[in-house]
1. What FRET efficiency, computed as 1/(1 + (r/R0)^6) with R0 = 35 Å and r the Cβ-Cβ distance, is obtained for residue 125 and residue 178, rounded to the nearest 0.05?
2. What is the distance in Å between the Cα centres of the stretch 173-197 and the stretch 147-170?
3. In a Debye calculation with equal point scatterers on the alpha-carbon sites of the stretch 142-213 and no solvent, what is log10 I(q)/I(0) at q = 0.18 Å⁻¹?
4. At residue 185 and residue 146, where each label point lies 7 Å from the Cα along Cα→Cβ, what is the point-to-point distance in nanometres?
5. Dividing the convex hull volume of the alpha carbon atoms of the chain by its residue count, what do you get in Å³ per residue?
6. What FRET efficiency do you get for residue 46 and residue 204 if R0 is 45 Å and r is their Cβ-Cβ distance, rounded to the nearest 0.05?
7. If the cut-off is a Cα-Cα distance under 16 Å, which aspartates and glutamates reach residue 181, setting aside same-chain residues fewer than 8 apart in sequence?
Amino acid sequence: RGSVTAPSLHFDLPELDFGDISFGFPYTQRCRLTNSSAVPLTFQLRMSDDGTQPAVESLDQIRRHSDPAWRKGIHFYVEPREFTLNPSRGTILPQGHQDIEVTLCSNTVMEFRRRMLVDVEGIGKGVATLIITARCLVPELQVSPYVLQYDECHLKVPYERKLVIRNPSHLPGCYGLIPQKRKEDSAVFYSSPQPCGIVQPQSTAEIPVVVEVQALGEHRTNVL
C-alpha cells in the first residue's frame with residue numbers, strides 16, 4: 001500500500017510586475033522557482049505568447065545611423081521575441097531552488113499580461129505559472145531650438161550648430177537625426193557626426209548639425 005504525490009514546484013511571488021518600460025530598452029526582473037518535493041525535477045520555461053524574431057534594442061539601433069527603420073519604423077516579418085528567460089531549463093534538487101532572470105525588451109507599445117509556464121520532464125506541461133505584467137511606452141522627447149540659425153555662410157564650408165533633445169519623462173528615450181536624401185539640386189547639405197543617441201530620464205542630449213550651403217541665396221531646410 002502506498003500513495004502517489006504530485007511534484008510541487010512554485011514561484012516565490014504570484015506576479016512579476018515590470019511597471020512602465022520604454023520601447024526598445026531591456027528590463028530584467030528576478031524570481032525564484034522552488035522544488036518542495038522529495039525528488040529532483042527537470043524543468044523547462046516558456047512564455048504563453050511570444051514571437052520568434054529577435055527584438056530590436058535601442059543600443060543596437062543607434063549604431064545603425066542609416067537604418068531605414070529611423071524613417072519608416074521597425075517592421076517584423078514575424079512577431080518579435082520580447083522575453084528572455086535565464087536559465088530557461090535545468091534540474092532542481094529536492095527542497096532546492098533556482099533563481100530565474102526574466103528580461104523584457106518590448107518592441108510593441110501596449111500593456112502586457114503574459115504567463116510564464118513551467119513544464120516538468122516526465123510529469124506534464126504548465127505545472128506552475130507566473131503572471132508577468134508591464135506597460136510599454138514611448139517617451140515624448142522635446143527638441144529645441146525650433147529653428148537653427150546659421151546666419152552668413154560661405155559656399156561649401158561646413159558650419160555646426162546643436163539641437164538640444166530634452167526628455168521630461170521617467171523613461172529613457174532613443175533619438176536619431178534622419179539622414180538627408182541628397183539631390184543634385186539640394187541647396188543645403190546637412191549631416192551630423194553624432195546623429196543618434198539615448199537621452200536618460202529627466203535629462204538632455206545634443207545633436208550637432210553640420211550644414212554646407214551649395215547655392216547662393218537664403219535657404220530653409222527641414223531636418224526633422
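Each value in this text was obtained by applying a stated rule to the coordinates, not by laboratory testing. Just so you know, these numbers come straight off a predicted model, no measurement behind them. So basically every Cβ, Gly included, is an ideal-geometry build from the backbone, and we count neighbours across all protein chains shown.
1. About 0.15, to the nearest 0.05.
2. 12 Å
3. Rounded to two decimals, the profile gives -0.74.
4. Between residue 185 and residue 146, the simple spin-label model gives 2.9 nm.
5. Taking the convex hull of the Cα positions in the chain, it is 130 Å³ per residue.
6. Computed FRET efficiency for residue 46 and residue 204 comes out at 0.60.
7. Once the sequence-local aspartates and glutamates are set aside, what remains near residue 181 is 67, 212.
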